[in-house]
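So the structure is just underneath, and the comments pick up after that.
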Amino acid sequence: MQLKIAFVSDNFEQYQAFVRRNDNFTHSLDLFRLIEANHKEIYRNYYDLFIVDLSEPWYAVPPWIKEQALQPYYYQFIFISNNPLTDELKNILGTRIFKMIKRNNAAENLNDVVKEVEEYAGKHSFSNDKNSIAKENILPGLMGEHPSIKKTNDFIQLVCKARYAPCLIKGESGSGKIHSARAIHRANNLRDDLFFIKNCEHGTNSELLGDIFGVESENDIFGPPRQALLSQYSNGTLVLKNIEKLPAEVQEKLLIYLENKTFKPMGGKNIIEANIRIIGTTKHNLEWFVKHHRFNPDLFYHLNAFEIELLPLRERKEDIFLLAKYFIQKFNYIYEKEIKWVSAQVEQLIKTYQWPGNVNELKNVIERAVFICNSKEICIEDIPESLKAENENIQQPEYFGNCSIKELERIHINHVLQRTKGNKSKAAGILDISRTTLREKMRLYEIES
């Protein structure tokens, strides 16, 4: 059987024997560099076999692989790598992966492995599973080697088995709460259009009641008739972001729904049944809200039965470089760059920086750096000045053995104001207090405006 082969590598000089002997075989061979595979839309051609040589592991799966995985025709992949393939890559390609070859003996073994593919294809001896189409954009969970991340990923697999059980995800801003919620959703093999996020932070009582439970008849309070999110995304997932901001009346109706899986639209008479997973996310300690009578305790216990708490990035520093490599690869694909890594100075900076914005902040810093970088290494000049200034402040002593709580608060407020360049609205948002309260504290601590 004649095979049409796409060989993707940045090291073709190592495989000259295979490339030159191409005429001795019945297959045709097209050569692509790794970055060219995306730009030339390799997936738009029909290849029976893809040979991919990875000198470094793929932390971020290239878009062309995801596109290729959706093709319905028969094809196989051979990967040349000394590193194990990521779970995401294995999930996307599944049984399309024919074999892994170690890089140190790939040159001498490649001809034999290709012949093996030819024999299997000629005999049609691949299993039916090898003709199945992989799912698009499968997320294996959170990326990281820290024990808490591995525990979270294991817990996601556990939660998905309780199909409609509510869940609570806690963590600082940017720590991955929505990503975790989406991973739970996708672990149930659900379509992305059955996943919806409703931010509760700035919604009024009537708006949230109307959106979540629907409006059956025209009403001055609840607005025009509309379908409930509980119905619209039935059999899917509804994420209530900043769930601690839900008004008391909405909390009570949500509790009734969780207990009975039924609800009544605003202004309606009929009771509607719907199955949907409710996931609440918060950056606060929800138990504090319960203790101070600002959150329904029964609703809290329903949500808290399955709880995920995400550590801030500064408490799992061993994952920072792994995430940085992932984002560099991801934005290399988007901005058509070939950045390999960062300079020693940048490496030290991202290692010691506290990352108050967590994974989202790291992502934004890397994206900016990749976009403006003009070499194959991210330099200190590619990093925002605010990040470098903040890191210098962090290196200075902040906490003292005999320092009072008020003094610690004064120091922290002062540093946040420096970081936001005196922008009180941004500082108040970071501190999670009102602008008025911030002004009062600035007067109390004699912090110059």
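The values are calculated or read from the model by the stated rules, or taken from the named source; none is laboratory data. Note that this is a predicted model, so its numbers are computed, not measured. Cβ coordinates were reconstructed from backbone atoms using ideal geometry, including for glycine residues, and neighbour counts include every protein chain displayed.
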_What's the number of the only condition in (1) surrounded by 19 or more Cβ atoms within 10 Å (Cβ to Cβ); (2) of a type outside the set (Asp, Glu); (3) closer than 14 Å to Gly144 by Cα; (4) touching an Asp or Glu at 6+ places or on another chain (Cβ under 8 Å) that Val359 fails to meet?_
(4)
*Could you list, in sequence order, the residues of the range 315-328 that are closer than 16 Å to Leu349 by Cβ and touching a residue at least 40 places away in the same chain (Cβ under 8 Å)?*
Ile320, Leu323, Ala324, Lys325, Phe327, Ile328
_For the range 219-262, which positions are touching a Cys at 6+ places or on another chain (Cβ under 6 Å) and either farther than 17 Å from His293 by Cα or of a type outside the set (A, V, I, L, M, F, W, C) (or both)?_
Leu240, Asn242, Lys245
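So that you can scan it fast, the table gives a plain yes or no per residue for (1) of a type outside the set (Val, Ile, Thr); (2) within 26 Å of Val359 (Cβ to Cβ); (3) in contact with a Ser or Thr (Cβ under 6 Å, 6 or more places away or on another chain):
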site	(1), (2), (3)
Cys167	yes, yes, no
Arg182	yes, yes, no
Leu194	yes, yes, no
Arg226	yes, no, no
Leu229	yes, no, no
Glu244	yes, yes, yes
Gln251	yes, no, no
Leu255	yes, no, no
Asn260	yes, no, no
_Looking at the range 33-55 only, could you name the residues that are charged (D, E, K, R) and free of Cβ contacts under 8 Å to residues at least 40 places away in the same chain?_
Arg33, Glu36, Lys40, Glu41, Arg44
*Only one of (1) modelled with pLDDT under 85; (2) assigned to a helix (DSSP H, G or I); (3) farther than 30 Å from Asn332 by Cα; (4) of a type in the set (Ser, Thr, Tyr) fails for Thr437. Which number is that?*
(1)
*asked:* Consider the range 371-388. How many of its residues are in contact (Cβ under 8 Å) with a residue 24 or more places away in the chain, part of a helix (DSSP H, G or I) and not aliphatic (A, V, I, L, M)?
replied: 4
*Scan the range 78-97 and give yes if some residue there is touching a residue at least 60 places away in the same chain (Cβ under 8 Å), in contact with a helix residue (DSSP H, G or I) (Cβ under 6 Å, 6 or more places away or on another chain), surrounded by 19 or more Cβ atoms within 10 Å (Cβ to Cβ) and of a type in the set (A, V, I, L, M), otherwise no.*
yes
*Identify all residues within the range 50-66 that are out of contact with any Lys or Arg (no Cβ under 6 Å at 6 or more places or on another chain) and either over 18 Å from Arg33 (Cβ atoms) or aromatic (Phe, Trp, Tyr) (or both); write none if there are none.*
Phe50, Trp58, Trp64, Lys66
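Quick one: which helices (runs of 4 or more DSSP H) sit completely within the range 189-267 and have at least 1 residues that are farther than 29 Å from His179 by Cβ?
Where helices (runs of 4 or more DSSP H) fall fully within the range 189-267 and carry at least 1 residues being farther than 29 Å from His179 by Cβ, they are 205-213, 248-260.
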*asked:* Checking Ile276 against (1) touching a residue at least 40 places away in the same chain (Cβ under 8 Å); (2) touching a Pro at 6+ places or on another chain (Cβ under 8 Å); (3) surrounded by 14 or more Cβ atoms within 10 Å (Cβ to Cβ), only one condition comes out false. Which one?
replied: (2)
*Condition test on Asn199, is it surrounded by fewer than 19 Cβ atoms within 10 Å (Cβ to Cβ) and within 17 Å of His284 (Cβ to Cβ)?*
yes
*Only one of (1) of a type in the set (A, V, I, L, M, F, W, C); (2) within 24 Å of Asn358 (Cα to Cα); (3) buried (at least 18 other Cβ atoms within 10 Å of the Cβ) fails for Leu208. Which number is that?*
(2)
*Confirm whether Ile278 is assigned by TED's automatic domain parsing to the domain that holds Ser173, within 22 Å of the chain's Cα centre (by Cα) and not in a loop (DSSP other than H, G, I, E, B).*
yes
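Where in the range 282-356 are there helices (runs of 4 or more DSSP H), lying wholly inside it, with at least 1 residues that are over 26 Å from Cys373 (Cβ atoms)?
Counting at least 1 such residues, we get 286-291, 297-304.
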*asked:* Within the range 300-314, does at least one residue satisfy the condition of being in the same structural domain as Lys245 (by TED's automatic domain parsing), free of Cβ contacts under 8 Å to residues at least 12 places away in the same chain and surrounded by fewer than 20 Cβ atoms within 10 Å (Cβ to Cβ)?
replied: yes
